[in-house]
Amino acid sequence: MTPFHYQNGKLYVENVSIEALGREEKTPFYVYSEQKLRSQMRTFTEAAQKYLSSFQICFALKSNANLAVIKVLTSMGAGADIVSGGELLLALRVGVPADKIVFSGVGKTREELTLAVEKEIGQINLESAEEAVMLEDIAKKAGKKVRVAVRVNPDVDAHTHQKITTGKKENKFGVAWREARSLYRNLAASENLIPVGIDVHVGSQLLETQPFDEAFKKTAAIIRTLKEDGIVLETIDIGGGLGVSYQETDKPCSPDDYMKVVAENLADFGCRIIFEPGRFLVAPAGVLVSRVVRTKHTETKDFLVLDAGMNDLIRPAIYDAYHAVKAVKEAEPSRLYDVVGPICESSDVFGKARKLPEMKAGDLVVLETAGAYGTSMGSNYNFRPLCAEFLVNGDHFAIVRKAQTFEEMLSLNVLAPWL
Ligand code: LLP
């Protein structure tokens, strides 16, 4: 049985009815299936085990920063891929061992780098020569030796949405190969920075293995050249990017296909492979539950107006992302609706011409495959609170993040003394 399924005409998450959750908590809210989180992590881990002798999975916290979600994955051996000081503190708070934390990002500040040095995290992925200079200074002052990798820009087309492509040379990420080689030479001569690894991230929501293959071939060539320079690496961080199916036409490569490509290109170096998956681990494990505020019929269309908006799930608005919409009460789909939120923006649309049963105010719907980049990209736009999150495990459910209250939202506002 899949974690999200109909039972007696109602949609369930594992053994918990979504309608029952809707009686507990104001909509909209997110629900995660612990079994699905675990099975995604298991699938990824088992595929890696099949092809690689040494690896570390570092969950990309940016995809979902919920403490309970992180805890489930880290309890199964995941470390953390972080991109901010906040995520570093979060990882440590959940109990991720510092040596299982890798830190990427083009704009790490002096404060963030200082914190990472102080906490002695596993690896800092450098994205520029300028960052290396800053980190060297911090490490020297702290009297520490810091493990670093250079994030190289593979200049590969990921065939994914333009806004989530990261590995083209015109993107801000990583260092071009010509520059990377001299950066590695400088690092090799540094007293405080130890070049232990190389890092490459091609993009997100990749459905084919070909861009990975191309990027890993380039990475392998770089590793060989570094060897000639006398630099022998310990880790190869290959980022995240493995895609998931949001709709039937999405046919993502399997973790097995992906691992085969990883192993073919990179296993021979005897390095520990670091993975930074986000979406694959959490996207299929979460749904956004929302209530129909009203149906609105115009001359040309039927609109389904939900109480969830782009502040709760922004992916359709900014990446034209597809999230399937399902009615919680099972019935034959008979009408086409444009499914929209209440936000005052024309882009607050979850889906156009979606076939659903006849719906009425008060009915519940779910937006599927919303476990990644859903809540983590949530905002207070239109002065709306961040919504609650549930975790379900078998018959059990718990609120794992409370909805923000109006007072909490207001509490950070302070009037200027002259007003
Ligand atoms: N590592 C690095 C360096 C990254 O930049 C990313 C994602 C990941 C790992 C995790 O990638 P994943 O396995 O989740 O594909 N907000 C967008 C996705 C942005 C991805 C940014 N980087 C979305 O909702 O589709």
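Things to note:
- Listed by first and then second residue, the pairs with beta-carbon distance under 9 Å, at least 6 apart or on different chains, first residue in segment 281-298 and free of Cβ contacts under 8 Å to residues at least 12 places away in the same chain, second away from the ligand (no atom under 16 Å from the Cβ) and open to solvent by 10 Å² or more (accessible area, probe 1.4 Å), are Lys296/Asp302; Lys296/Phe303; Lys296/Val305; Lys296/Val340; His297/Phe303.
- Among the residues of segment 306-341, those identified as buried (at least 19 other Cβ atoms within 10 Å of the Cβ) and in a strand (DSSP E or B) are Leu306, Val325, Lys326, Ala327, Tyr337, Val339, Val340.
- Some residue of segment 371-388 being among the charged types (D, E, K, R), surrounded by 15 or more Cβ atoms within 10 Å (Cβ to Cβ), closer than 12 Å to Asn66 by Cα and modelled with pLDDT of 95 or more: no
- Among the residues of segment 299-336, not one is more than 25 Å from Ala283 (Cα to Cα) and within 16 Å of the ligand (Cβ to nearest atom).
- Scanning segment 255-297 for residues being surrounded by fewer than 24 Cβ atoms within 10 Å (Cβ to Cβ) and closer than 28 Å to His5 by Cβ gives a total of 7.
- Of the residues making up segment 88-124, those that are touching a residue at least 12 places away in the same chain (Cβ under 8 Å), within 19 Å of Phe173 (Cα to Cα) and within 16 Å of the ligand (Cβ to nearest atom) are Val102, Phe103, Ser104, Gly105, Val106, Lys108, Glu112, Gln123, Ile124.
Conditions (1) away from the ligand (no atom under 16 Å from the Cβ); (2) over 19 Å from Val106 (Cβ atoms), marked per residue:
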| residue | (1), (2) |
| --- | --- |
| Ala132 | yes, no |
| Gly174 | no, no |
| Glu179 | yes, no |
| Pro195 | yes, no |
| Val200 | no, no |
| Glu208 | no, yes |
| Pro211 | no, yes |
| Leu226 | yes, yes |
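- Within segment 256-292, tally of residues that are within 13 Å of the ligand (Cβ to nearest atom), assigned to a loop (DSSP other than H, G, I, E, B) and either in contact with a His (Cβ under 9 Å, 6 or more places away or on another chain) or more than 30 Å from Leu21 (Cα to Cα) (or both): 1
- Any hit, segment 161-171, residues being more than 15 Å from the ligand (Cβ to nearest atom) and not acidic (Asp, Glu): yes
- Listed by first and then second residue, the pairs linking a residue in segment 229-255 that is among the polar types (S, T, N, Q) and outside any loop (DSSP other than H, G, I, E, B) to a residue that is open to solvent by 50 Å² or more (accessible area, probe 1.4 Å) and away from the ligand (no atom under 11 Å from the Cβ), with Cβ atoms under 6 Å apart and 6 or more places separating them unless they lie on different chains, are Thr235/Arg272.
- Hey, Lys296 among the charged types (D, E, K, R), away from the ligand (no atom under 16 Å from the Cβ) and under 22 Å from the mean Cα position of the chain (by Cα) or not: no
Here's the yes/no breakdown for (1) exposed (fewer than 14 other Cβ atoms within 10 Å of the Cβ); (2) among the polar types (S, T, N, Q); (3) not in a strand (DSSP E or B):
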site: Ile343; (1), (2), (3): no, no, yes
site: Thr369; (1), (2), (3): no, yes, yes
site: Leu391; (1), (2), (3): no, no, no
site: Trp418; (1), (2), (3): yes, no, yes
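- Within segment 221-240, the set of residues being crowded, with 17+ Cβ neighbours inside 10 Å and over 11 Å from Gly197 (Cβ atoms) comprises Ile222, Gly239, Gly240.
The values are calculated or read from the model by the stated rules, or taken from the named source; none is laboratory data. Not measured: the values here are computed from a predicted model. Methodologically, a virtual Cβ is constructed for each residue, glycine included, from the backbone with ideal geometry; neighbour enumeration extends over all protein chains shown. We work out accessible area using only protein heavy atoms, side chains counted, and drop any ligands, DNA or RNA first. Shrake-Rupley method; radii C 1.70, N 1.55, O 1.52, S 1.80 Å.
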